[in-house]
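To keep things clear, I will list the structure first and then write my remarks on it.
The numbers here are math on the coordinates, done by the rules we state, and not lab data. On a predicted model such as this, the values are computed, not experimentally measured, just so you know. So basically every Cβ, Gly included, is an ideal-geometry build from the backbone, and we count neighbours across all protein chains shown.
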Amino acid sequence: MLTKRIIPCLDIKNGRTVKGINFEGLRDAGDPVELGKLYSQQGADELVFLDITATNDKRKPLSDLVKKIAANINIPFTVGGGIRSIEDADVLLQAGADKISVNSAAVRNPELINELANNFGSQFVVVAIDAKLYEGKWKVHLNGGRIPTEFNLLDWAKECEERGAGEILFTSMNHDGTKQGFENVMLEKLSEVLSIPIIASGGAGSMEHFYEVFAKGKADAGLAASIFHFKEIEILDLKRYLKAKGIPIRI
Amino acid sequence: MKIAIIDYNAGNVQSVKFALERLGINGLLTNKKEEIQTADKVIFPGVGEANSTMKHLQKLGLNQVIPNLKQPVLGICLGMQLMCSHSEENDTPCLNIIPQQVVRFRPKSNEVKVPHVGWNNIEVKNDTWISSNLSDEYVYFVHSYFVEVGEYTVATTDYVQPFSAALQKDNFYATQFHPEKSGSVGEQILNDFLKIKK
């Protein structure tokens, strides 16, 4: 049976993991490769590396990092952050990335999704969507949520699928960082509308939240960052809990 | 042992090379006929779309080379599908090494997603090239088309319906899943292939 995926997300800045991460038994907790490896040993199903380096010229350092990740980690991983063109994506593919995620660049230039899917296949293309609910409408936001657009979440997600996205990574900005649970109502709607897998992000604070995102939100994967980094939840404990609750999980 | 990994513009071939390196083997990424023909073993990876990938193979003349290889050959994902007779994906005639059809998943409801992405368990038949103790273990899949269960099926997985997770015909071996991305289980399966004697 196909299992639900648990995906830790690692923010990378200038080649190092950010956010105060304190892990015993890790020689260098700031090293994304070491941390990714640890997560994979603990049972993570996939990893997402998000490059939040502010400088424009991050292509070369990012591809060097991707090479190291690909050489050391034996589960699938996605790389995102500032990918704007076929060339950007190709460099990461050549370095060994399994998938790339595009966000703002796809909203600004939707044709990018078609180009990426046609060149590399849909399985390579994750479209990340940050959206916020206000005045009763879910609006897509750009640049890490700073810039609102007129794009409606459901319409944009559907368009992404039609243009060739392989998966949708949906972050609810209303829930992100709150630790109050995922946006399960919207996730379920997305699941009804889309036929491609959905990765849920934003709001994970407890093991129960993951149960709800799979049971109620119908998500295919649950993504979180700080609860894993700060060891508030251990991946193996989470997976055992979910399995005991009847969610299909790989242990 | 000389392992050739066929490099023909079909996605993440680097990851196969890295996976071999983790097993202590230096694979050679190549699209040169001579290097492929003289290798002890050949890995035929691939992700992407069937029709354009077949065209790449034809451009390189590899559509003539691969079916005639005599050493063990491992097709992975799209590599496995291209070893079959025909793919429904853009109505593509394939290499016709294994007489099977590649067809698309057609779930009855939107609740079942296509592509089939993620970790699913395999049921391994007795006495095949994949260690039988790996039955019921999880491996990583990402595909929208599949090979039906048939005479050459050596492992099955259930998604929408049971399909071929692995095949073998003569010296041609294949997995629909990605052993290079399937953690320690995948490493064991790559090792199973590497251990095959000619």
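So what is the relative contact order for region A:5-244, in percent, with contacts set as C-alpha pairs under 8 Å and at least six apart? Please report the intermediate quantities before stating the final value.
On the way: 483 pairs, mean separation 39.2, N = 240.
This gives 16 percent for region A:5-244.
Which value does Rg/Rh take for chain B over its C-alpha atoms, Rh per Kirkwood?
On the way: Rg = 15.4 Å, Rh = 16.5 Å.
Here Rg/Rh amounts to 0.93.
Taking the Cβ of B:P45 as the center, what net charge do the other residues with Cβ under 9 Å away carry, scoring Lys and Arg +1 and Asp and Glu -1?
That works out to -2.
For region A:158-251, what is the largest minus smallest coordinate of the Cα atoms on each principal axis, given in angstrom and ordered from greatest to least?
38, 27, 20
Along Cα→Cβ, 7 Å out, is where each label goes; now give me the distance between the ones at A:K68 and A:E150 in nm to one decimal.
With each label point 7 Å from Cα toward Cβ, the separation is 4.5 nm.
Ranking request for peptides A:232-242, B:18-28: highest mean number of other beta-carbon atoms within 10 Å first, then the rest in descending order.
A:232-242, B:18-28
Take the Cβ-Cβ distance between B:L29 and B:N133 as r, set R0 to 25 Å, and report the resulting FRET efficiency rounded to the nearest 0.05.
0.20
Using the basic label-point model (7 angstrom from Cα toward the beta carbon), what is the A:L236 to A:S206 distance in nanometres?
According to this spin-label approximation, the distance is 2.4 nm.
If each of A:L133 and B:Q37 carries a label point 7 Å out from its Cα toward its Cβ, how far apart are those two points in nm?
6.5
Return the equivalent ellipsoid semi-axes of region A:33-108 as a descending list in whole Å, where each equals the square root of 5 times an eigenvalue of the C-alpha gyration tensor.
Three semi-axes, in Å: 22, 13, 11.
I need the calculated FRET efficiency for the pair B:D158 and A:N143, taking r as the beta carbon distance and R₀ as 51 Å, to the nearest 0.05. Write out the running numbers ahead of the final one.
Details: r = 42 Å, r/R0 = 0.83.
Using R0 = 51 Å, I get an efficiency of 0.75.
Over 22 Å apart: what share of the alpha carbon pairs of region B:126-198 falls there, rounded to a whole percent?
Value for region B:126-198: 15 percent of Cα pairs lie more than 22 Å apart.
Rounded to the nearest angstrom and ordered from largest down, what semi-axes does the equivalent ellipsoid of the protein assembly as shown get from its C-alpha gyration tensor (root of 5λ)? Provide the component values of the computation, followed by the final result.
Numbers: eigenvalues 239, 102, 100 Å².
For the protein assembly as shown, the semi-axes come out at 35, 23, 22 Å.
Cα-Cα over 24 Å: which of A:K37/B:K169; A:K132/A:K218; A:K189/B:K181; A:K4/B:K195; B:K17/B:K113?
Checking Cα-Cα distances, A:K37/B:K169; A:K189/B:K181; A:K4/B:K195; B:K17/B:K113 exceed 24 Å.
Using alpha carbons only, how many angstrom separate the centre of region A:136-200 from the centre of region A:72-110?
First find each Cα centre; the distance between them is then 19 Å.
Using only the alpha carbons, work out the radius of gyration and Dmax of region A:5-244 in angstrom.
Over region A:5-244's Cα set, Rg and Dmax evaluate to 16.7, 48 Å.
A:V193 to B:S184: FRET efficiency via 1/(1 + (r/R0)^6), r the Cβ-Cβ distance, R0 56 Å, to the nearest 0.05?
0.90
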